Every structure is written in C-alpha cells, then in structure tokens.
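Here is the structure we will look at.
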Amino acid sequence: MRTKVAIIGAGPAGLLLGQLLRTYGIDNVILERHTPDYVLGRIRAGLLEEGTVKLLDEVGAGQRAHAEGLVHDGIELAFGGERHRIDMKAATGKTVMIYGQTEVTLDLMHAREAAGLVSVYEAADVMPHDFDSDHPRVTYLKDGTTHEIDCDFIAGCDGFHGVSRASVKPSAIETFERVYPFGWLGILSDTPPVSPELIYSNHARGFALCTMRSTRRSRYYVQCPLDDRVEDWPDERFWDELKRRLDQRAADSLVTGPAIEKSIAPLRSFVAEPMRFGRLLLAGDAAHIVPPTGAKGLNLAASDAHYLATALREYYDEKTSAGIDHYSATALTRVWKAVRFSWWMTSMLHKFPDTGAFGARIQLAELDYVVNSKSAMTSLSENYVGLPF
Ligand code: APR
Ligand code: PHB
C-alpha cells in the first residue's frame with residue numbers, strides 16, 4: 001500500500017490530523033493497535049477550547065458538539081470555605097465547551113468513515129522505518145500477515161506509550177518530566193451536576209474537582225495517594241470525601257448516585273524535544289503529557305494536529321518544506337505554555353506532602369490574589385480558554 005501520510009494511532013490527535021489532511025486533499029492511512037470500541041471506552045477529560053471546536057467545524061465534525069456541548073463562561077475556585085467565580089468570558093471574550101473526549105473521538109471516527117478513508121484497527125506490531133531517508137515505511141501485522149505502507153511522512157499520534165517516540169534513538173531526544181506525588185480518583189455518575197459551572201477546590205484534605213459531561217451526567221475527582229486502588233474507594237467513601245472537600249452549600253446540594261465508572265490516574269508533566277525526526281513527526285500525547293488540571297491534553301493534541309496539517313499542506317501545495325522544518329519549534333512554543341499553566345494550576349490547588357503548612361499558606365495567598373486581582377484573573381482566564389494558535 002502507498003499513501004502520503006501514514007498516521008500511527010486513532011486517538012484525537014491522529015483522527016483530527018487525518019481529517020484536516022483530507023480537507024487539504026492529502027491522502028492518509030491510520031493504523032491503530034486497538035478496536036474502535038476500546039478506543040472509545042477510555043474516559044478522559046471533556047473540555048474544549050474555542051480553537052479546538054473551530055478545528056472540528058473545519059473538518060465537518062462539529063455539529064453534535066454544538067448541539068449537545070455545554071458552553072461555559074466561567075469557573076469557580078473554592079478555598080477557605082468559600083467559592084469565588086472567575087468570569088472568563090468577561091476577561092477574554094471567550095468561552096469553553098464541555099463535551100467529552102469520547103464524543104469528540106466518536107464524531108471524528110464517523111467523519112472519517114463517511115469520507116471513506118482507510119483505517120486499520122487491531123494493527124499489531126506497528127513499526128516505523130527509514131524515517132531518516134526520503135522513503136519512510138510503516139510495517140504492521142494484521143490477520144497473521146505482515147503489511148507494509150510506503151509513505152512520504154509518518155505521523156506519530158500513538159500516545160505516551162506508543163511506538164513512534166520509542167523508535168527514535170535516545171541520543172536524538174531530550175525529555176523533561178515532573179511526576180506529581182498523588183493521583184486523581186475520578187467517578188462518572190448519572191446525577192445532575194452540583195453546580196452549572198466547574199468547581200476547582202483547594203482543601204486541607206486535598207484537591208477536588210466537580211465537572212460534568214451533560215446536565216444529567218457528572219464527573220467528580222478527588223486527589224488521592226498514588227498507591228490507592230479503586231477497590232479502596234466504594235461509592236459511599238468517595239461521596240463522603242468529596243463533600244468534605246467542598247464548601248457547605250455545594251456539599252448540601254450534591255446529588256449522589258452509583259458510579260458508572262471509577263478510575264485512578266497519575267499526574268505527570270512530560271515533554272519530548274524535538275517533535276520531528278526527519279520524516280517522522282510526533283503529535284499529541286506521543287510528544288507531551290500534562291496533568292489534567294485545566295484539561296489541556298486534548299486541546300494540545302488539536303493544536304499540534306493543526307500545525308502539522310498546515311505544514312504538510314504547504315509541503316504539497318507550495319512545494320516548500322519550511323513548515324515541516326518549523327513544525328517542532330512552533331508546536332513546542334504552545335506546548336510549553338500549556339505545560340506551564342497546567343503545572344501552575346496543579347501546584348496551586350493540590351495538597352503537596354512535602355511543602356507543609358508554609359506551602360499551604362502560599363497557595364491560599366495565591367488563590368486570594370487570583371480571585372481579587374483583575375490582571376491575575378485575566379491571566380488565568382487567557383490560559384484556561386486557550387492561547388491562540
Ligand atoms: N500502534 C498503533 N497504535 C497505537 C500504538 C501502536 N504501537 N500505541 C498506541 N496506539 C494508539 C492507542 O491505542 C491510542 O488509540 O494510539 C492512540 C493514542 O491516542 P491517545 O492516547 O488518546 O493520544 P492523543 O491522540 O495524542 O490524544 C491526546 O488524549 O490521553 C489523552 O489527555 C490526553 O486528552 C489528551 C488526548
Ligand atoms: C473533565 O471534565 O473531566 C475535566 C474538566 C476540567 C479539568 C479536568 C477534567 O480541568
């Protein structure tokens with residue numbers, strides 16, 4: 001088989017890149033290790049920047065997000081027993097949309113199917129080759145046979161544990177990492193959200209977040225020790241702990257119900273530089289990870305896909321590789337700002353085992369500053385709604 005761009009991974013980065021390329025007339029094939037149902041079964045964050053929604057619109061996959069997504073003008077920060085609203089729309093003129101990553105993935109899968117583009121699911125042993133030459137290839141195993149795809153470029157959109165970054169010789173990559181000393185225990189429940197907007201709570205017992213998927217489905221998180229297991233957290237214990245970390249009004253009005261999903265995720269900041277190795281280009285979690293505080297992961301995957309698709313369009317339409325040459329630096333400039341923001345939000349809101357009472361007082365001072373200073377509120381808002389790309 002031959003294609004212009006072989007995309008490894010059918011997460012949001014790979015699927016969005018594939019659709020953008022298609023709108024530019026660039027044919028592409030996606031190779032995905034798992035089944036579509038497996039990919040759709042992974043519960044992730046659900047907050048879209050306006051720029052991400054625009055990209056979905058550009059590829060004709062935005063209708064359901066506009067119909068079902070919830071547009072939010074602000075968030076609330078809870079600390080010291082009180083809630084304080086940050087009006088992001090007033091500060092920036094922009095909003096965010098609550099719409100699950102699973103739904104984004106499903107909409108992109110449908111758009112790809114409708115466009116008749118080739119996707120190979122359950123492709124085993126996917127391996128990029130010869131990306132330092134002008135004739136890269138990707139091999140994979142399917143139904144007991146080894147297949148080969150000749151291409152012009154390989155897009156590594158295969159997430160943090162993928163094969164793309166792992167195929168590059170270690171001396172060519174520099175990595176930057178921070179692992180946080182706690183995790184997030186998250187539950188999904190078919191109960192109405194406790195409040196119409198998201199609540200981020202800094203509490204002496206640890207961080208909590210109230211978010212949602214719709215007006216009938218809620219998503220809640222509490223910070224937990226990294227070695228906790230889901231079995232340690234029966235529903236009742238979760239709801240009790242969440243209530244203790246919220247202000248009284250929220251605790252009193254919280255509607256509880258059975259968890260339909262429960263999982264624990266570690267928090268990590270990670271960046272690999274550069275994002276391009278000859279004709280292998282990384283996008284999304286394959287190149288960087290952010291902690292979920294601020295929900296930047298999916299939105300960064302979207303901006304990477306945009307930069308990469310634009311560079312490839314220039315390559316084919318204008319016969320210049322300038323865009324490809326600048327891809328890594330352009331994408332990383334935005335990536336690092338989101339890495340900084342999600343690290344800052346994480347640092348301000350969580351209980352850290354090693355910073356003690358001093359660290360906790362500094363957090364409260366910072367939160368009090370953020371909710372009382374117009375400039376600080378604007379700075380948080382600008383980053384939260386998404387920096388331009
Ligand atoms: N071969 C083929 N496919 C692979 C391989 C492999 N060796 N390794 C991983 N994959 C697939 C995974 O099964 C997954 O479907 O690549 C896809 C990567 O998708 P994501 O992990 O969702 O990453 P990305 O598309 O970059 O999306 C970033 O997802 O992880 C969240 O928080 C993150 O919201 C952000 C978004
Ligand atoms: C979510 O809806 O899962 C979510 C929202 C905002 C965050 C993190 C997660 O900051």
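Values in this text are rule-based calculations from the coordinates and carry no lab data. Computed from a predicted structure; not experimentally measured. FYI the Cβ positions are ideal-geometry reconstructions off the backbone, even for glycines, and counts take in every protein chain you see.
Numbers for the structure displayed
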read-out: For the chain, share of DSSP beta bridges that run antiparallel, in % to the nearest 5; value: 75
read-out: Cα shape, segment 116-155, gyration tensor, a/c 1.5 rule; value: oblate
read-out: Trypsin sites (Lys or Arg not before Pro), loop per DSSP, at most 13 other Cβ atoms within 10 Å - longest free stretch of the chain; value: 43-204
read-out: Spacing of the two label points (7 Å from each Cα toward its C-beta) at Asp252 and Ser379, in nm; value: 3.6
read-out: Whole-Å distance, taken between Cα centres, linking segment 226-270 and segment 71-90; value: 21
read-out: Longest segment of the chain lacking GluC sites (Glu not before Pro) that sit in a DSSP loop with at most 16 other Cβ atoms within 10 Å; value: 123-317
read-out: Nonlocal amide H pairs with Phe182, under 5 Å, H built at 1.01 Å; value: Leu267
read-out: Separation of the Arg268 and Asp240 label points, Cα + 7 Å toward Cβ, nm; value: 3.3
read-out: Ratio of the Cα radius of gyration of the chain to 2.2 N^0.38 Å, where N counts its residues; value: 1.00
read-out: Efficiency of FRET between Ala360 and Asp325 - r from beta-carbon atoms, R0 45 angstrom, step 0.05; value: 0.45
read-out: Estimated distance in nm for a label pair at His161 and His84, the labels positioned 7 Å out from Cα along Cα-to-Cβ; value: 4.0
